[in-house]
Structures are given as C-alpha cells and as structure tokens.
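Presented below is the structure to which this report refers.
The values are calculated or read from the model by the stated rules, or taken from the named source; none is laboratory data. Because the structure is a prediction, the values reported are computed rather than measured. Every residue, glycine among them, receives a Cβ derived from its backbone with ideal geometry; neighbour counts consider all protein chains shown.
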C-alpha cells in the first residue's frame, strides 16, 4: 500500500470501478477497501517520470528519475539527472533489490541485513520497495474511524502486522478519502508504538484519465526538519512491459 | 616508656614457645603471599583487559568535535564544517607529556561488495603509519599487508573476508552515503585481512587510508572525526586528557578530550569492581587465619595464667596485662609480615616475568568488549601488598584481642591459689 509506490495506476478493473462512480454503496470490509485503493494506484504496468527531492539537516538534493513497474513484482528506477548520478539504477524483483552503480560499473545486490538502509540517500528504505507488494498479506486491517475530517468524508484504517509477518512497523494508520478513494496520509509506528514517520499525499491529478496523488512526502518523526518529496511529472499506464524487461542486463543499460 | 616495657615483655613471650610461634607466623606469611599473588593476578587480568580493550582500537584518549559522541554523525568533524589543520593538531597532541602516539581517523558507514556478496561495514579511515602506533588493528594482519596511504585499498576483518569470499587482491565496491548527499562509490582492492579475535571488529570493520575515505565521503582532507591517542601508561588517561585539553584550549576548536574511563565505561566499571574485590580477597584470606592465630595466643595466655596473676598481685593494672598480649599479637604480625615479604617478593617477580599460561586449557575470552588472554599474568602494584600487610597486622591485633581481655581478667588470688 502506502509504501513507496513506484508509480502506479490502474488496471482495467480500477477504471471500471471509478467509472461506476465513487462512494461505493455496498458494504465493504476494511480489507477490501484498502485492497481496492491499492489496486487503483497501481497499474498492471506503468512508466513514470519522477523528481525526488531529499532535504536533510546538512544538504538538499534533487534526483530526476524514470521508473517502470509491472504488477507488484517488478520495478526498475533509473536516475536521469544530475549528470553525476545519471545511470544509477535500482531493480526490484519480488523480494530482491539490486543497485547498479555506473561509476564503477557494478551491480550490488542488497543483502537482507541492509534492507532497512536508505534508498538512494532518501528517507525511503530498500524495504519500502519490497514490502509494497505484501501489505494486504502482512497486516490485519480494521476501520478505526469513518466520517468527516475537516469536512471531508474519510476512512482511517489501522493496519496491525500479523503475528507471522516479518515487517518492521508495529502499526500503520492510513487515511483515505471516501469519495475518490485517494489516500491523504499514513503514519508509521515502530513496535514500541512511537511514531516513526509520516507520509502525506497531495496534488491529486489525472494522468491517463486516472486520479492519483502526484506528490508524496515522507517525514521521519525524529528529524522533523528532514523530508523526502516525490513528485510525479508524467505517468503512463498499461505500457507494454514484460518480466524480461526487469533484468540485470537492462538494469545496467544506461539509457 | 611503659609501652616499651610491655613491648619487650611481649617480644620475649613470643619466643617462649618458638615452634608454635614459627608455625603460626608461617600460616600468616603464606596468607600474605596468597593475598598478594591473588591481588596481583586480579590486577594483571584488569591491566590486560584495559590494555586490550583500549589498545585494540579506541586508544586511551580521544579528541572529537563536541557533540560527536555518541551519534557519531558524519558531519561533526573536528573544527566544524571547514575542518582544521590536522597536522598541527597531531603535532600538538604529540607534544603533550604522557602521549605516546596520536592518529587521525575518519568514520563512515557503508557497504562493501564483492561479486554476489555484500556486507555492511564500518569504514575506518586511518593514517596507516600513525595508526600502527596507536591501535593494534593494522598489527593484526594475518594475510596481505596494510593499505598504502592514499591508495584505494582496504583491510577487512577475517570474518568479513570470509563472507565476501575476498582475499588480498580482490576488488570490492565500497558504497557509502557521502557528506554532500550523494552515494559515494568506488572500487577498492583488498590489501590485507586482519584477525583481532573480537567478533564485531573482524566481521564489521574495513580499514581504509584516510585520504581515500575522505574522497569517498566527499570530505576535505582537513576534516577528521577523531584523534586517537595512546598514552604511555593506560592508567594515566584522565591526566593526559586534561593536559591535552589544556594544550588545545587556545585553538578554540570546540573539541572534547575524552579518556577511556569515560568512553569505555564498561571497562572502567570492571576495573572499579576488580579493585573493590581486592579488599574482599584480603578479608577472606585473613578471616581464615584469624581464628588459628587467636587459638594460638589464647593457648599461650592459658599457660601463663599464674604469671598474669603474679604480675597483677605485684600491682600491674589489668590494661598493662592486656597490652602485653596485644603487643604479642602485633609482634607476631610484624614477624609474619617480614617472613611473608621475603617469601612473596621472589614469587611475585617470577610470576610477573613468566606468567602462568593457560592457553592450552582455555581460549581467548571476550570480556566487556575487550579480549583477554587466559594468561595469569601478575601485575606489580602498591595497593596489593599494602592492603595485605594491613590485613595481616590487623589479623594479629584482632586475634589477640579476646586473649588479651581474658588475660586482663585473671583473678590474681584465685589463679595463685590454683582455683
């Protein structure tokens, strides 16, 4: 769900659902809604142009990237600018993450012990790339609140990890707008119940006829001045991609 | 004057039963030997732990930018973001009395990757020549050689080398978040593999020439995180730290100078505990002895019941009688101490020079983050013999206390009448 969504939008199913109109009339379980939000924001496949701005206490930097995704299993992100970083790329296939470093022309597979390490210097972790696909499986989901917040009808879901799930969060709370199923924020708590980070979604725009949040901001709770902002500049859905595209060979292709 | 008289009487009494006195004195002398040697071994273990714990990596005194500890942020270099003249800082440290060597260090967190294997590593940037005089990491190489200054080479621990399947000559990729926000990455060659025996170090550390690490981390050569110092005497850390802080004060660098007793509190706590337990050793040894000695003196006073009665009848006050017996205990103590010292000195010297090596029985032990060899090395100390001597003399006095009271209370008439 609201881990780092390497782009996104929507399979045919999503389009149909939206076309059928928002504010679904039939009763739904929390799990169904979250699953639906999730599917809406993720296509069968997608291609996105992204700008990631990272602001820390000591520096700010901006990376322009192009990202491809296929289902929940495959993702490839390649840095386009600045020139010094261009060609740096990340490949995600199922649970595994590889980084390609053009300067040394080497590919490094991220070992499990480093999955919590920062992804490309941002406030996202490698784990965010991987766990994205398993939120529905890893968490029990309950509606914590349903009704108006600041005049907008929303759901707030509490996601509690299942006992057997190997996840890092103790709890996640996510708010979703009822009328268009757009997520507005998600709060991540550690296993001691302390807020670890907050993610906010804004600037909902239509790309390819699909409504998506085009700005995602993640803020670590222990460093309020720091944040990573992901902006979608362009999004295309259901682009023709095959699993073969997400290969180590293609990871290293400096396009 | 009076005391001198009682003292002479006591000394004479001591030798009335020569054999009994010598046996008792031997017991006390061996007690002294045992106490001093046990304290010596304990001090030796403590010294070994302090030397290993601080000599392996940390050094005995460290200089950092104030606020660097405990987070160890990449950005908190000595002298702030513009750094400092590292060479003159090292020269200033070298000039402080008690400083044996000083070495600059840069720290970075990153990953080291060889082939399919990737490991998290703490990257330690060092000046290889200076580092070798401060810590033993580069002296613990089991294969290859130390990285050359300025070269893109590194030494890794044995366990990390095993996990990376790396050997001297293997090319590895090192990736680390740099100070400018970029992902510093470069190719390095493994020059050597070290084995310190300390798990964290052998599995998690990569030692890199300081300039190569500064380049990887986008830090200027003026920026270092730490000056590590080896002191001539490990126990003089606080004094040396104070002198160094005083010396650096005019440079206005906003640094903190920290002795190992502060940055390795677990070792310092152990030292305190060990020192406290020395008193316990003394107490236990002489607690065993005290009853034997008391018994001997008590027997001596029973034999002299009639004598005490006579001196009492001749007008001696009870406290005078008690004083003779107490002086006797003290004299026994002094005699034992002289014998004990004569006995202990050669044994101590022998154990100090040829420590009992238990390596065949036990392997190295990791203790409070320090590696300790199973060698019963005996350390000379002042406190050990002094505490043991005080314990011994106190034993003589305390053992004589009850017999003295008994002797003073001898009723002259009854005793003389044989009742």
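Just a yes or no: is a residue in the range B:347-354 touching a residue at least 40 places away in the same chain (Cβ under 8 Å) and in contact with a strand residue (DSSP E or B) (Cβ under 8 Å, 6 or more places away or on another chain)? Scanning the range B:347-354 turns up at least one residue that is touching a residue at least 40 places away in the same chain (Cβ under 8 Å) and in contact with a strand residue (DSSP E or B) (Cβ under 8 Å, 6 or more places away or on another chain). Against the definition (under 18 Å from the mean Cα position of the chain (by Cα), modelled with pLDDT under 90 and under 30 Å from residue A:211 (Cβ atoms)), how does residue A:173 come out, yes or no? Criteria not met by residue A:173. Looking only at residues of the range A:126-142 that are surrounded by 16 or more Cβ atoms within 10 Å (Cβ to Cβ) and at pLDDT 90 or above, we find that the one that is farthest from the other protein chains (Cβ to nearest Cβ) is A:141. The residues listed here are B:335, B:343; of these, the one that is under 27 Å from residue B:40 (Cβ atoms) and more than 30 Å from the chain's Cα centre (by Cα) is B:335. Here is the figure for the range A:54-71: residues that are within 26 Å of residue A:181 (Cα to Cα) and either within 14 Å of another protein chain (Cβ to nearest Cβ) or surrounded by fewer than 17 Cβ atoms within 10 Å (Cβ to Cβ) (or both) total 1. Of the numbered criteria (1) in contact with a strand residue (DSSP E or B) (Cβ under 6 Å, 6 or more places away or on another chain); (2) not assigned by TED's automatic domain parsing to the domain that holds residue B:292, the one residue B:41 fails is (2).
Does residue A:120 satisfy being part of a loop (DSSP other than H, G, I, E, B), in contact with a strand residue (DSSP E or B) (Cβ under 9 Å, 6 or more places away or on another chain) and either surrounded by fewer than 15 Cβ atoms within 10 Å (Cβ to Cβ) or modelled with pLDDT of 90 or more (or both)? Reasoning before the result, please.
On the way: part of a loop (DSSP other than H, G, I, E, B): yes; in contact with a strand residue (DSSP E or B) (Cβ under 9 Å, 6 or more places away or on another chain): yes; either surrounded by fewer than 15 Cβ atoms within 10 Å (Cβ to Cβ) or modelled with pLDDT of 90 or more (or both): no.
It is false that residue A:120 is part of a loop (DSSP other than H, G, I, E, B), in contact with a strand residue (DSSP E or B) (Cβ under 9 Å, 6 or more places away or on another chain) and either surrounded by fewer than 15 Cβ atoms within 10 Å (Cβ to Cβ) or modelled with pLDDT of 90 or more (or both).
Within the range B:2-16, the set of residues being more than 44 Å from the chain's Cα centre (by Cα) and part of a loop (DSSP other than H, G, I, E, B) comprises just one member, B:16. Just one of the listed residues (B:397, B:376) is modelled with pLDDT of 90 or more and touching a helix residue (DSSP H, G or I) at 6+ places or on another chain (Cβ under 8 Å), and it is B:397.
Could you identify the single residue in B:229, B:297, B:210 that is crowded, with 18+ Cβ neighbours inside 10 Å, more than 30 Å from residue B:399 (Cβ to Cβ) and touching a helix residue (DSSP H, G or I) at 6+ places or on another chain (Cβ under 7 Å)?
Working: B:297 fails: more than 30 Å from residue B:399 (Cβ to Cβ); B:210 fails: touching a helix residue (DSSP H, G or I) at 6+ places or on another chain (Cβ under 7 Å).
Being crowded, with 18+ Cβ neighbours inside 10 Å, more than 30 Å from residue B:399 (Cβ to Cβ) and touching a helix residue (DSSP H, G or I) at 6+ places or on another chain (Cβ under 7 Å) holds for just one of B:229, B:297, B:210, which is B:229.
Of the strands (runs of 3 or more DSSP E) contained entirely in the range A:132-185, those carrying at least 2 residues that are farther than 22 Å from residue A:42 by Cβ fall at A:139-149, A:152-161.
Across the range A:72-88, the qualifying residues are those that are away from chain B (no Cβ under 12 Å) and not in a loop (DSSP other than H, G, I, E, B), and the one among them that is modelled with the lowest pLDDT is A:81. In the range B:107-132, the residue that is farthest from the other protein chains (Cβ to nearest Cβ) out of those that are part of a strand (DSSP E or B) and more than 20 Å from residue A:118 (Cβ to Cβ) is B:126.
Specify which of the listed residues (A:50, A:108) is crowded, with 21+ Cβ neighbours inside 10 Å, outside any loop (DSSP other than H, G, I, E, B), modelled with pLDDT of 90 or more and within 14 Å of another protein chain (Cβ to nearest Cβ). Talk me through it step by step, then tell me what you get.
On the way: A:50 fails: within 14 Å of another protein chain (Cβ to nearest Cβ).
Answer to the selection: A:108.
Determine whether residue B:266 is under 30 Å from residue B:77 (Cβ atoms), under 30 Å from the mean Cα position of the chain (by Cα) and at pLDDT below 90. Yes.
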